[in-house]
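The block underneath contains the structure these notes are about, expressed in structure tokens.
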Amino acid sequence: MKKIPWQDRPKNSNEIIWRYSENPIINRFAIPNSNSVFNSAVVPFEDGFAGVFRCDNKAVQMNIFAGFSKNALDWEINHKPIQMKAGNTTMIDSDYKYDPRVVFIDDRYWITWCNGYHGPTIGIGYTFDFKEFFQCENAFLPFNRNGVLFPQKIDGKYAMLSRPSDNGHTPFGDIYLSYSPDMKYWGEHRCVMKTAAFEQSGWQSTKIGAGPIPILTSEGWLMLYHGVINTCNGFRYAMGAAILDKEQPDIVKYRTRDYLLGPAVNYEQVGDVPNVVFPCAALHDIEEDKIAIYYGAADTVVALAFGHISEIIEFTKNNSF
Ligand code: BMA
């Protein structure tokens, strides 16, 4: 098993999730014309790691870029965005690409992202080598964001979480699940989880969206997700956890009332969009009971946080509502 990045919990901390001491791991000017690098996804690849990074340029155009690393901490990100070739359809428009997720299923790495097609919807692509990329049909009609694939088929079908939205800074949003026999046609849409009542769990009362690829545990699928509260100064994004039924993941078994990681340090509170913690990927090692969570901080940089999977599960069960 490849070593994932890790740091023990600081001695003076009793947090379930703790931050990497060298955060942020990727700064906003990581490639020559970038304004910001954030909300990005990483996976184990060959003898190291690969990733798909959201780099907005200095015209603030949103696009995704491939990158590589030996240790999953120091990243070399390509200076040119990913060029897609036609996948399971003729080439379709993409005005912009952002917030990628990556997962290996069967024989290839699948990428989902928010694709600009008359507004945001979910784009799908794949690669075998992170050099050549193929773009498939969009999964859904506009508008939609946060398309997150499960890492294996469920009942013989691909499964994807998503969050139907609007064309702006959406003031609502619940998590849905859809199935596909072929990564082209999506249906059997089911509601998974809605926002919480403000009085019950304020941090997730405006909208919620799936984060990293869900992880299969003994209790079911561990889904880390972002939740948003609308404050007098705008949206604030934090991260919570839910456990979904293994066979039927539209059934929520547990869900945290408290957030697990919320904007609290400088690089999360200050940036192009203040007060954003936005997880898009996680590396995990079930045997070692470790998870390394990659998140965008303040829509400006990429940061890393750690936790023990068993503790996250315990917390999610005991803190559920
Ligand atoms: C969402 C997306 C994310 C971003 C977040 C906070 O709608 O645009 O990429 O991190 O807003 O600005």
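Structure above, values below:
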read-out: Accessible surface of Cys191 - all protein chains present, 1.4 Å probe, nearest 10 Å²; value: 50 Å²
read-out: Approximate spin-label separation Asp74-His308, in nm, with each point projected 7 Å along Cα-to-Cβ; value: 3.1 nm
read-out: Point-charge dipole on Cβ atoms (K/R +1, D/E -1) for the chain, about Cα centre, debye to 20; value: 400 debye
read-out: FRET efficiency estimate (nearest 0.05) - Cβ-Cβ, Arg257 to Lys11, R0 25 angstrom; value: 0.35
read-out: Cα-based reach from Lys3 at 19 Å (exclusive), listing lysines while leaving out same-chain residues under 8 positions away; value: Lys70, Lys290
read-out: Shape category assigned to region 125-216 from the gyration tensor of Cα positions, a/c cut at 1.5; value: prolate
read-out: Using a Förster distance of 51 Å, the FRET efficiency for Gln61-Ile154 (Cβ separation, nearest 0.05); value: 0.90
read-out: Accessible heavy-atom area order of His284, His308, His226, His118, highest first, probe of 1.4 Å; value: His118, His284, His308, His226
read-out: Accessible surface of region 30-318 [probe 1.4 Å, protein heavy atoms]: carbon and sulfur percent; value: 49 percent
read-out: Size of the chain as Cα extents on the principal axes (Å, biggest first); value: 51, 45, 43
read-out: GluC sites (Glu not before Pro) lying in DSSP loop within region 170-253, provided at most 14 other Cβ fall within 10 Å; value: Glu199, Glu247
read-out: Additional length obtainable on full extension of the chain from Ile92 to Gln200, 0.36 nm per residue less Cα span; value: 34.6 nm
read-out: Within region 221-305: Cβ-based charge dipole about Cα centre, in debye rounded to nearest 20 (Lys, Arg +1; Asp, Glu -1); value: 320 debye
read-out: Residue-level accessible surface for Leu216, protein heavy atoms, 1.4 Å, Å²; value: 60 Å²
read-out: In region 53-132, the trypsin sites (Lys or Arg not before Pro) that fall in loop regions by DSSP, at most 12 other Cβ within 10 Å; value: Lys58, Lys70, Lys131
read-out: Calculated FRET value between Glu132 and Cys191, using beta carbons and R₀ = 41 Å, to 0.05; value: 0.65
read-out: Helix-only mean residue ellipticity at 222 nm for the chain, each DSSP H run of n ≥ 4 adding -39500 (n - 2.57), per residue, nearest 500; value: -1000 deg cm²/dmol
read-out: Highest-fluctuation residue, Val102, Val60, Val148 considered, GNM on the chain with Cα pairs under 10 Å; value: Val60
read-out: Eligible aspartates and glutamates near Lys246 by straight Cα distance, threshold 15 Å, same-chain separation 8 or greater; value: Asp155, Glu219
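The values are calculated or read from the model by the stated rules, or taken from the named source; none is laboratory data. Everything quoted here is computed from the prediction, not taken from an experiment. Positions of Cβ are generated from backbone atoms using ideal geometry, with glycine treated the same way; all protein chains shown enter the neighbour counts. Ligands, DNA and RNA are excluded from the accessible area calculation, which covers all protein heavy atoms including side chains. Shrake-Rupley method; radii C 1.70, N 1.55, O 1.52, S 1.80 Å.
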